[in-house]
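Asker: Please find one structure pasted underneath; my questions will follow.
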Amino acid sequence: RRALEANPRVGAAHYLCGRILMDVKDRRDAALDEFRRALEVEPGNEFALVGQARIAVIEGRHAESIAICDRAEPAGKHLEELYYVRGSARVRRREGRDLEEALKDFTVAIAKRAAPWSHCGRGIAYCLLRRTAEGLVDFDSAIRIDAAYGLAYKNRGSARTETGDYDGARKDLDEAIRLDPNDQIAHLYRGVVRKAKGDVDGAITDC
């Protein structure tokens, strides 16, 4: 803010204010305003564009998120986040979903930075393509990078359920719930595992 008081045309300061508003304050509307201001003073600012794309995918505007990432790509080829966000939008998109392109995006993101979220995203894409063994490898990688990354445990638990490894799935889902007791989907997945193992009362409790 002090930088912008000195010079309101510093696009990077608008962008960084937007990141704080989005990631720390969870004020997406205010963050979007900052990203727009960054683009007003620096048209084509790839950081601000990817910020807009992140918010679009969070809010379910997946086609818009992909389009914004496409616009940012010529200047933003160096940004791991661009490829992660576009891959996420492609996985979450219902109509016109392109999982093969999502795999490519996540692979580029991982090549730039081996982050747990990109491995997890690619693992989900593999599982949706019924390539569960490859998905499990990515979930393993995500957990090796960050042993407290609950999303990887949750998705590995779901994948293990698909393969019939109910004991392994139960361990993963227990850990996901330990890390985030309010994760509704993890409770749902664990309920499925409990039912498969004959623990109907436990399944009802999870549901």
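The values are calculated or read from the model by the stated rules, or taken from the named source; none is laboratory data. Predicted, not measured: the structure shown is a model, and the values here were computed from it. Surface areas here come from the heavy atoms of the whole protein model, side chains and all, with no ligands, DNA or RNA. Shrake-Rupley method; radii C 1.70, N 1.55, O 1.52, S 1.80 Å.
Asker: Of 34, 81, which has the most accessible area and how do the rest follow, probe 1.4 Å?
Answerer: Output order, biggest surface exposure first: 81, 34.
Asker: Which angle between 0 and 90 degrees, to the nearest 10, do you get for helix 80-92 versus the longest principal axis of the chain when only C-alpha atoms count?
Answerer: Roughly 50 degrees between the two axes.
Asker: Can you send over the carbon and sulfur percentage of the accessible area for the chain, probe radius 1.4 Å, protein chains only?
Answerer: Carbon and sulfur atoms account for 49 percent of the accessible area of the chain.
Asker: On to the next question. Nearest 500 deg cm²/dmol is fine: what mean residue ellipticity at 222 nm does the chain get from its DSSP H runs of n ≥ 4 alone, each adding -39,500 (n - 2.57), divided by its residue count?
Answerer: -24500 deg cm²/dmol
Asker: Tell me, what is the 1.4 Å probe accessible area of residue 195, in Å² to the nearest 10?
Answerer: Only protein atoms counted, so the area is about 140 Å².
Asker: Here is a follow-up. Mind checking the per residue accessible area of the chain for me, 1.4 Å probe, whole number of Å²?
Answerer: 53 Å²
Asker: How many angstrom lie between the C-alpha centres of the stretch 125-141 and the stretch 18-70?
Answerer: Value for the Cα centre distance between the two parts: 29 Å.
Asker: Next question. At 1.4 Å probe size, put 54, 113 in order of accessible surface, largest to smallest.
Answerer: Putting 54, 113 in descending order of accessible area: 113, 54.
Asker: Given the protein chains as shown and a 1.4 Å probe, how many square angstrom of residue 163 are accessible, to the nearest 10?
Answerer: 80 Å²
Asker: Run the numbers on the chain and let me know its relative contact order in percent, using alpha-carbon pairs under 8 Å that are six or more apart.
Answerer: Result for the chain is 9 percent.
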